[in-house]
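Asker: Let me give you the structure first, and then I'll get to my questions.
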Amino acid sequence: MAIESALGESVVLTRTDKVLGWARKYSLFLYPFVTACCGMEYMATAASHYDIDRFGAGLPRFSPRQADVLFVVGTISHKQAPILKRVWEQMCEPKWVVAFGGCTCSGGPYDNYATVQGIDTIVPVDVYIPGCPPRPETVLDGIIKLQEKIQNQKQEL
Amino acid sequence: MEESLTLRKLRERFPASIIDTHSFRGDDTAVVKRVDVVDICRFLKESTDLSYNFLMDLTAVDYLQMGNSPQADRFEVVYHLYSIKYNHRVRIKAPLTEADPTIDSLTPLWAVANWLERECWDMFGIRFNGHPDLKRILLYEQFEGHPLRKDYPLTGRQPLIGPKN
Amino acid sequence: MEKTATLARELNIREMTLHMGPSHPAMHGTIRMFLELDGETVVSSDVEIGYLHRGFEKTCENRTYHQAIIYTDRLNYVSPLINNFGYAMAVEKLFGVDVPERCKYIRVIMSEICRITDHLTNVGASAMELGAITAFLYMIKAREMLWRLIEEVAGGRGVTPSYVRIGGVKDDLPEGFQGRALEAFKATREVLQEIHGLLTKNRIFVDRTKGVGAITADEAMSYGFTGPCLRSTGVAYDVRKAQPYMVYDKMNFEVPVGTNGDNYDRYLVRMEEIQQSMRICEQALFSMPPGPIKIDDPRMTFPSKKDVYGKMESLINHFKLFMNGHGITPPRGEVYQAVEGANGELGFYVVSDGSGRPYRLRCRPPCFMIMSGVSRLVNGGMVADIVPTFGSVNMIGGECDR
């Protein structure tokens, strides 16, 4: 208490976790793993109309080594599943996974021989964005949810 | 109803190999013996007054559950041809038995037959004699069985990784 | 020659095998290319598809005729309404019925709006892959305006509207649609003008596309190319003209063709088709007759939602159509119905065994045929040219792999 009053307003005290979380949540580098229909809504969200950049997530990186959020956009078939797993393994910690659309959440309308019934059977998922496909507003809501999660979690250094 | 030019020509040229013809809802269809499929298609493509220059589609149907259809002719390979010059279409169907689901390849006539026949093999397990590279196209090598056959279950999942959910 | 060979041996130069995709931004996430490279030249290539195979045909065989509509949406998800209408027309042909005149006009208008969005997306995305990100942003802006139109008609944004019903459409066009549509077309024309300014004579764009990925008309036909890819080679085949369906025979429009069959011609053909589509839409909007929007047959078409909530008979009718075993049952038989999709001839081959489910539902995907020729398009070119070539053929995974 005493130190703070001595320093006045020239210094802000906080916890490392909190400041790291704040920094991380506003500099999300997405890896759009786009396979199917949801990609159209991803494009709409990323373009100027809905402008994903307002949330600090505007710059997609197409190398998993440079990305920290894996956006799984669209149906994952059993043929695609090993590739998704591999991309996820190539990403550096800390990393998050967003399941974009009904197919990635649960298999969606495709309950058949070819489709993975939810990507959480393959990679751990942080945020589920439902919808077939989700509207851009839902996507932005999902990103805000992810930011809250990042802010409040324990930050690994 | 009068028979269309294509079906009449086919009957004249291949009297022995045409099993049946019909025109349901205006779609001309000829059911032919499988040994003559390549000859018939070549005739349709090269004959100047028919000139079917497009192989629009190639697929198959599994008639296993179609009630009264005989088990003997379980599959039918279906070809849809189109002629740009005369603007007409025809459907050629060739029945195959379950014991010997093979038919000659159309790859010498149309380049697109390559992929279409691969898909047909992948989905139905129909072998095409003379195909340059008959392998799976939509599914993966490790997949067992042919999903569009009627005895393959809808949810017969064969995952490469992860649980069989 | 011998000197080069010796040098190559000494330097240990050999052909390299490169895997491009499937997780590659230009490969749309669903295509893998195996390339044999000599330096930067593609010696041979093999294209692997199927990463988005989600069992469309098998799933539809296990659904009723109406349930299959939502799966057709997700074939070519950039122009879903064309798939919707193609499928519904195939089933209607199976029944041997004809939809009312106004319904046909609505279908034409909505098809053409979808075709515009498809071409906008394709040109925008392929320009972006060449670095022209401004063009992409402009085109998505125009697409957003047209999606708004689709949304107010169908209730869903442009990706999965499921607007069609067998024997009609879901609802009539909303009040004031004509004016808003005309405004959207005006804005789209402005965007196209800007895109022409940005791309058509842009030195970089022209250098990357002109003469790249060219194919002759004969080869294109052998590979089963249809749509803009075939028309860019100079063959004026368009299902809307060749075998007019709905009311295309009453519309006044032209089929643009190219000459060289290269990426640049495909771009120009698409740009011109957008103009023609708007022309069709405007004609249809002004000449649309009043009248019913679906067949009046309680065994086939759904009663309107208002009646379901307000009338006993309609409720029973609705219930029976949705009950298992009481749905619509076409006669036994088989039909093939083709429509002009955004990528070419989109055909549906339906085999019915007289029950409430399609015994076999086959989609003729235009992309699949075009993809079978991509290997031929890229061989002999440079690695970097794969990106514009692949972008200009407009591969849509949902349709190619189904």
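Nothing in this text is a laboratory measurement; each read-out follows from the coordinates by a stated rule. The structure displayed is predicted, hence computed values, not measured ones. Cβ: placed from backbone, ideal geometry, glycine included. Neighbour counts: every protein chain shown.
Asker: Above 18 angstrom, tally the Cα pairs of region A:80-129 and express them as a % of all pairs, no decimals.
Answerer: Working: 344 of 1225 pairs.
Beyond 18 Å sits 28 percent of the P(r) for region A:80-129.
Asker: Helix hunt in chain A: which complete DSSP H runs extend at least 15 Å axially by C-alpha with mean Kyte-Doolittle at least -0.5?
Answerer: A:136-152
Asker: Relative to the compact globular guide of 2.2 N^0.38 Å, what is the alpha carbon radius of gyration of region C:56-401, as a ratio?
Answerer: Scaled against compact globular proteins, the figure is 1.01.
Asker: Also, quick follow-up: Only Cα pairs within less than 10 Å get springs; with that Gaussian network setup on chain A, which residue of A:Val125, A:Val12, A:Val97 has the largest fluctuation?
Answerer: A:Val12
Asker: Another question about this same structure. Mean residue ellipticity at 222 nm from the helices of chain B, using -39,500 (n - 2.57) per DSSP H segment of n ≥ 4 over the full residue count, to the nearest 500 deg cm²/dmol?
Answerer: -5500 deg cm²/dmol, from helical runs alone.
Asker: Tell me, which longest segment in chain B has none of the GluC sites (Glu not before Pro) that fall in DSSP loops with at most 10 further Cβ atoms within 10 Å?
Answerer: Values: sites that count: B:Glu2, B:Glu141, B:Glu144.
The longest uninterrupted stretch comes out as B:3-140.
Asker: State which entries of C:Lys170/C:Lys306; C:Lys170/C:Lys320; A:Lys154/B:Lys164 exceed 23 angstrom in Cα-Cα distance in the structure shown.
Answerer: A:Lys154/B:Lys164
Asker: While we're on this one: For the residues B:Tyr86, C:Tyr71, A:Tyr50, B:Tyr63, what sequence is obtained by ranking on other C-beta atoms within 10 Å, fewest first?
Answerer: Placing the least packed residue first, the sequence is B:Tyr86, A:Tyr50, B:Tyr63, C:Tyr71.
Asker: If the only charges are +1 at each Lys and Arg Cβ and -1 at each Asp and Glu Cβ, what is the size of the charge dipole of region B:5-101 around the Cα centre, to the nearest 20 debye?
Answerer: Here the size comes out at about 360 debye.
Asker: Quick check: Cα centre of region A:52-118 to Cα centre of region C:148-209, how many Å?
Answerer: Measuring centre to centre over Cα atoms gives 29 Å.
Asker: Only loop residues by DSSP count here, and only those with at most 11 other Cβ atoms within 10 Å; note down the GluC sites (Glu not before Pro) in region C:37-106 that meet that.
Answerer: Details: sites: C:Glu40, C:Glu48, C:Glu57, C:Glu61, C:Glu92, C:Glu101; in loops: C:Glu40.
Here the sparse-neighbourhood loop sites are C:Glu40.
Asker: Rank these for me by crowding, C:Ile328, C:Ile195, going from fewest to most other beta carbons within 10 Å.
Answerer: C:Ile328, C:Ile195
Asker: Can you compute the helix-only [θ] at 222 nm over chain C? Use -39500 (n - 2.57) per DSSP H run of at least 4 residues, normalise by all residues, nearest 500 deg cm²/dmol.
Answerer: -14500 deg cm²/dmol
Asker: Okay, next question. Among C:Phe95, C:Phe56, C:Phe286, which one shows the biggest mean-square fluctuation in a GNM of chain C, springs joining Cα atoms closer than 10 Å?
Answerer: Judging by the Gaussian network model, the answer is C:Phe286.
Asker: Now for a separate question. In region C:161-244, which GluC sites (Glu not before Pro) fall in coil by DSSP and have 15 or fewer other Cβ atoms within 10 Å?
Answerer: Working: sites: C:Glu175, C:Glu183, C:Glu190, C:Glu194, C:Glu219; in loops: C:Glu175.
For GluC sites (Glu not before Pro) across region C:161-244 that sit outside H, G, I, E and B with at most 15 neighbouring Cβ atoms in 10 Å, the list reads C:Glu175.
Asker: Same structure again: Once you place label points 7 Å from the Cα toward the Cβ at C:Thr17 and B:Gln65, how far apart are they in nm?
Answerer: Distance between label points: 4.1 nm.
Asker: Just need the Rg to Rh number for region C:10-138, please, alpha carbons only, Kirkwood Rh.
Answerer: Values: Rg = 20.9 Å, Rh = 18.3 Å.
Ratio of gyration radius to Kirkwood radius: 1.14.
Asker: I need to check one value: relative contact order of chain C, counting alpha carbon pairs closer than 8 Å and at least 6 residues apart, in percent.
Answerer: 25
Asker: Per 10 Å bin, what is the whole-percent P(r) computed from every C-alpha pair distance within the protein assembly as shown?
Answerer: Result returned by the calculation: 3, 14, 24, 26, 19, 9, 3, 1, 1, 0, 0.
Asker: Mind listing the phi-derived Karplus ³J(HN,Hα) values for region C:362-370, rounded to whole Hz, using 6.51, -1.76 and 1.60 with θ = phi - 60°, and x for any glycine or proline?
Answerer: 10, 10, 8, x, x, 5, 4, 5, 5
Asker: Hey, another quick one. For C:Glu254 and C:Thr4, what is the calculated FRET efficiency with R₀ set at 35 Å and r taken between the beta-carbons, to the nearest 0.05?
Answerer: Approximately 0.10, to the nearest 0.05.
Asker: Antiparallel as a % of all DSSP beta bridges within the protein assembly as shown, to the nearest 5?
Answerer: Details: 54 of 74 bridges.
Just about 75 percent of them are antiparallel.
Asker: Next up: What is chain A by shape, rounded, prolate or oblate, if you read a ≥ b ≥ c off the alpha carbon gyration tensor as root eigenvalues and call it rounded for a/c under 1.5, prolate for a/b larger than b/c, and oblate otherwise?
Answerer: Prolate.
Asker: Test of understanding: ordering C:His19, B:His80 by Cβ neighbours within 10 Å, fewest first, what list do you get? Walk me through the numbers on the way to the answer.
Answerer: Values: C:His19 11, B:His80 23.
Ranked by crowding around the Cβ, least crowded first: C:His19, B:His80.
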